[in-house]
Amino acid sequence: MEYKEPEENLTGQLDEEDAIAELQVEESGSSGTKAIAAPAAVALGLATAACGGGSGAGTGGGTGTGGGPTAPTFLTPDTDQQAARFALRAGLSVSPSDIAEMRSDGYEPWLDREISQAIELTAEQFLSGLGFEEVTDDQFFFRSDPADYMIWNQLLTGGNSVRKRAALALSEFFVVSVNNITFWPSTSIGAYWDILKAGAFGNFREVLEEVTLNAAMGVFLNTLGNRKADPATGRVPDENFGREVMQLFSIGLFELELDGTVRTDSAGDPIETYTNDDVTGIAKVFTGYDYNFSGDIQILSPPSLPNAQIPEARLLRNPMTADPALRPPIGEDTHSLEEKSFLGATIPAGTGATESLRIALDTLFDHPNVAPFFGKQMIQRLVTSNPSPAYVRRVAEVFNNNGSGTRGDLRAVFKAILLDDEALSDASLNDPTFGKLREPMLRFAQWGRTVGVESETGAWLMQNLSERSNRLGQSPLRSPSVFNFFRPGYTPANSQAAENNLLAPEFQLVNETTAASYLNFMERTIDGLGGWMFDVKATYEQELLIAHDTAALLDRLDLLLTAGQLSDFARSTISSALDATSVAETDSRDAKLNQIHRAVMLVMASNDYLIQK
């Protein structure tokens, strides 16, 4: 497999005249007008004009000749490939029914239905179903593997695909890694995942507070047990979370324009968003927090650990508290009551933990950097590594105001990202600066959902797949550090991307070893030989029906895996390889499975699959 850097062609941006010229509208009988595939560059405004109103490529209305309101119209995919392309960004996979619904109703109605689905299974329910939290000893106290069972069950199966995709993107922004949690790690990370999944289409401010008070975050970045300064011993508040909540979870290192470009001073140097004094000041806010013993939670002393007091697993689902009556050491107030100054805000001396937290998080949330800082990274996770400043601005504007005066509406933000003209335009398919490398965990999840994987035990006994030499090279919720699996500003050294000043974050995962290990891992997995790592196997039910028909099989895989983006060369090469080992409709199931395995592997090894446009 060859990973290709973008070629030295930096064109592809449409001007307004081009966009207007290429906007296609067709009559659709009594259902009204459908605006189809509006191209890039005119942003939400053009889509809104085409649709008759609404936000992004949204609903619209008007007045018909009889004076009454017309039916709303929506941007609608003109082809199956356009529909699949949209669904593969919005969710974890695409099905023929998704494509049919989207082509019938439009992008936004399909997306709204997906977003509005009730959460069908939480991490807590999955782990409880395994009996994980019913034990009264240390059977699971140190084990992190049930966390892998849980998250792969979430990603490989079930509904809520769009919600899970958004939550996964959030997990790479608000990073917590199960690798660094040593007590009830699976329950801890499960509670964290449930926060992200439940809040994926809620409000950024609420999610920021929930992740701040989550016990897994408390352990990961040292908030849990963080105590006020003690002059007698020289102890000072731990600054880890205070620094990262600014640098990584809200405002970033440098001041930004609304379009995500870095602001500079008169000397041309980036303007820093905070100083060491700001870190010291805000660190005082995050003192006094510990386990929350509200409810009927007990402390266990299992026989195998006679000198230890182990909290129940379900304790980790409670948000941390600074209330001395609810957390250890009972009765001791360890929150700093000193004056706390940071980012131009001052919390007066004597202010308690709850009010200090509110002021601090409101200050971060209201900072002008949050919208472009967060918005650009979500665009990178879902659509393209190098969004135009205009794209970032449009998304940031929606973050600042969802159209109804609400700031931080994540539903509106994710819709703005996915429905933006720059994302929907077919012109970007031929733009070498557009798109991104599919992350390994997304490839694996897409494969499983597309070909119908099942767990032989029902417990989804997955191992940690992070190893880069002989496994997938990435496992969800197992980032090696708080800086995620890769940095949003990463560019491979000595590459065409670097020469052209382009970002390629996911390529931080790629080297000679990982490129080969991905192929070897997927070959074993597709063939059903991954039993030593996990108990899931693909059914290939739909593929078995057409395994004897090379063209039909490749059509299906091309559409569902690459959104129809296999090049003529790749398709011809794969077709020739499959024809050389063709099977008949009357051949055995095993012979058909072997043919399917070859087809899936060749598609998933192609550059046209690996680079998502």
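The values are calculated or read from the model by the stated rules, or taken from the named source; none is laboratory data. Remember, predicted model here, so these are calculated numbers, not experimental data. Positions of Cβ are backbone-derived with ideal geometry, glycine not excepted, and every protein chain shown enters the neighbour counts. The accessibility values were calculated without ligands, DNA or RNA, using every heavy atom of the protein model including side chains. Shrake-Rupley method; radii C 1.70, N 1.55, O 1.52, S 1.80 Å.
Here's the yes/no breakdown for (1) modelled with pLDDT under 95; (2) under 32 Å from the mean Cα position of the chain (by Cα):
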| residue | (1), (2) |
| --- | --- |
| Asp535 | yes, yes |
| Ala551 | no, no |
| Arg556 | no, yes |
| Leu566 | no, yes |
| Ser576 | no, no |
| His597 | no, yes |
| Ser606 | no, yes |
| Tyr609 | no, yes |
| Lys613 | no, yes |
request  = Restrict the check to the stretch 210-222 and report whether at least one residue is assigned to a loop (DSSP other than H, G, I, E, B), open to solvent by less than 80 Å² (accessible area, probe 1.4 Å) and farther than 23 Å from Phe183 by Cα.
outcome  = no
request  = Could you tell me whether the stretch 539-558 includes any residue that is assigned to a helix (DSSP H, G or I), of a type in the set (Lys, Arg) and without any contact (Cβ under 8 Å) to a residue 12 or more places away in the chain?
outcome  = no
task = Please determine, by comparing only the residues of the stretch 105-144 that are touching a Leu at 6+ places or on another chain (Cβ under 7 Å) and either more than 29 Å from Ala412 (Cα to Cα) or open to solvent by 30 Å² or more (accessible area, probe 1.4 Å) (or both), which one is modelled with the lowest pLDDT.
result = Thr136
query = Inside the stretch 409-486, counting only helices (runs of 4 or more DSSP H) that do not spill past its ends, which hold 3 or more residues that are more than 16 Å from Arg85 (Cβ to Cβ) and in contact with a Gly (Cβ under 8 Å, 6 or more places away or on another chain)?
reply = 410-419
message = Among the residues in the stretch 182-205, are any within 16 Å of Gly91 (Cβ to Cβ), open to solvent by less than 10 Å² (accessible area, probe 1.4 Å), outside any loop (DSSP other than H, G, I, E, B) and not acidic (Asp, Glu)?
response = yes
inquiry  = Return the residues of the stretch 579-596 that are open to solvent by 70 Å² or more (accessible area, probe 1.4 Å), within 15 Å of Thr550 (Cβ to Cβ) and polar (S, T, N, Q); say none if nothing qualifies.
reply    = Ser582, Asn594
ask   = Quick one: would you say Leu557 is buried (at least 17 other Cβ atoms within 10 Å of the Cβ) and under 25 Å from Lys613 (Cβ atoms)?
value = yes
inquiry  = Pull out all pairs, ordered by first then second residue, where Cβ-Cβ is under 7 Å, the residues are six or more apart or on different chains, the first lies in the stretch 488-501 and is within 18 Å of Thr261 (Cα to Cα), and the second is exposed (fewer than 11 other Cβ atoms within 10 Å of the Cβ).
reply    = Asn500/Glu8
request  = Mind listing just one residue for me: the one in the stretch 331-365 that is open to solvent by 60 Å² or more (accessible area, probe 1.4 Å) and in contact (Cβ under 8 Å) with a residue 24 or more places away in the chain and, of those, nearest to Ala215 (Cα to Cα)?
outcome  = Thr354
ask   = Cβ-Cβ below 6 Å, separation at least six or inter-chain, first residue in the stretch 592-603 and closer than 10 Å to Ile526 by Cα, second open to solvent by less than 20 Å² (accessible area, probe 1.4 Å) and of a type in the set (Val, Ile, Thr): which pairs?
value = His597/Ile526; Val600/Ile526; Met601/Ile526
Filtered residue count, the stretch 511-530, keeping only those that are touching a helix residue (DSSP H, G or I) at 6+ places or on another chain (Cβ under 9 Å) and either open to solvent by 30 Å² or more (accessible area, probe 1.4 Å) or among the hydrophobic types (A, V, I, L, M, F, W, C) (or both) = 7
